[in-house]
Amino acid sequence: MPTLESLRRKIQSAEDLQSVVKTMKALAAANIWQYEQAVEALADYSHTIEMGLQIVLSERSVPVGLTHSPAGERLGAVVIGSDQGMVGRFNEQVITYALDKMNELQIGPENRKLLSVGLRMTARLSAARQPISQSFSVPSSIAGITPLVQELLVWIENWREQQNLDRVVIFHNRPRPAANYEPNMVYLLPINLAWLKRLQQKPWSTRVLPTFTMDWESLFSALIRQHFFVALYQSLAESLASENASRLASMQAAEKNIEEQLDELHTQFHQERQRSITEELLDIVSGFEALTSENRD
């Protein structure tokens with residue numbers, strides 16, 4: 001039977017943990033909002049890039065090399081997970097989805113190059129015996145996304161130039177309604193030819209068509225790099241929003257369990273306290289009866 005003191009310690013520990021969980025819930029909710037805002041703000045930048053591509057493509061056809069994958073394909077993949085725990089099956093869902101998709105593409109591990117984002121994702125990919133070229137930590141804020149995207153772009157460019165790797169995809173979780181998420185795959189290379197053709201054939205919004213003086217290939221390459229930047233930035237921001245949504249759900253479940261445990265501990269405490277008071281009263285009554293009996297004698 002636990003003592004009153006031990007029950008007090010357990011209640012205090014549970015209340016301290018409850019306070020931590022509530023703080024983490026608040027942080028997760030705030031982080032979800034800021035990452036979702038970052039994704040929404042990125043839409044305008046993406047639209048500007050598409051407008052630039054629309055002007056550039058109005059003067060020349062799409063380069064074939066960027067829109068077709070060679071025979072005997074090799075795959076480069078950026079797999080985004082988390083550094084921290086308490087996110088449920090967040091990492092497991094991404095890695096299961098990524099492995100299934102890579103197997104569907106019939107590209108074996110020997111023809112894969114992986115960039116892992118997130119320490120826990122790196123551990124799971126290593127356990128699955130996947131060829132990791134480099135691992136990165138997950139950004140802790142919006143300000144950390146841009147430097148990471150720039151590092152990833154350098155690796156992807158090296159893949160293209162040094163290893164003739166022309167198929168690159170991103171695997172990450174993206175938010176869904178009701179604080180949920182789902183795994184997603186984004187193609188970086190080859191570039192979607194249908195998308196470029198739609199931009200090429202899309203009518204300009206005004207009668208005055210903008211022009212440019214830069215070298216066509218340099219401008220096109222710069223716009224494509226910005227397109228890659230947007231895709232990677234959006235994937236990271238969506239993954240961070242999903243991670244915090246998963247953490248929020250985990251904290252809500254933990255808070256419910258703590259509340260149930262506190263209710264049980266408080267019930268035990270009151271029962272034990274009542275039992276202790278009853279025993280003290282019985283001792284007092286017994287002592288009183290003993291004293292009165294002696295006095296009568």
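The values are calculated or read from the model by the stated rules, or taken from the named source; none is laboratory data. Remember, predicted model here, so these are calculated numbers, not experimental data. Backbone-built Cβ (ideal geometry, glycine too); neighbour counts: all protein chains shown.
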Subject >> Residue that is surrounded by the fewest Cβ atoms within 10 Å (Cβ to Cβ) [pool: residues in segment 210-250 that are within 30 Å of residue 26 (Cβ to Cβ) and touching a Lys or Arg at 6+ places or on another chain (Cβ under 7 Å)] >> reply: 248
Original post:
Which residues, taken from segment 134-168, are part of a loop (DSSP other than H, G, I, E, B) and buried (at least 17 other Cβ atoms within 10 Å of the Cβ)?
Top reply: 138, 139, 165, 166
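Residue-by-condition table, conditions (1) small (Gly, Ala, Ser); (2) under 13 Å from the mean Cα position of the chain (by Cα); (3) at pLDDT 85 or above:
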| site | (1), (2), (3) |
| --- | --- |
| 135 | yes, no, yes |
| 148 | no, no, yes |
| 152 | no, no, yes |
| 230 | no, no, yes |
| 238 | no, yes, yes |
| 241 | yes, yes, yes |
Original post:
List the pairs whose first member sits in segment 1-14 and is in the same structural domain as residue 269 (by TED's automatic domain parsing), whose second member is at pLDDT 80 or above and not in a helix (DSSP H, G or I), and whose Cβ atoms are under 7 Å apart, counting only residues at least 6 apart or on separate chains?
Top reply: none
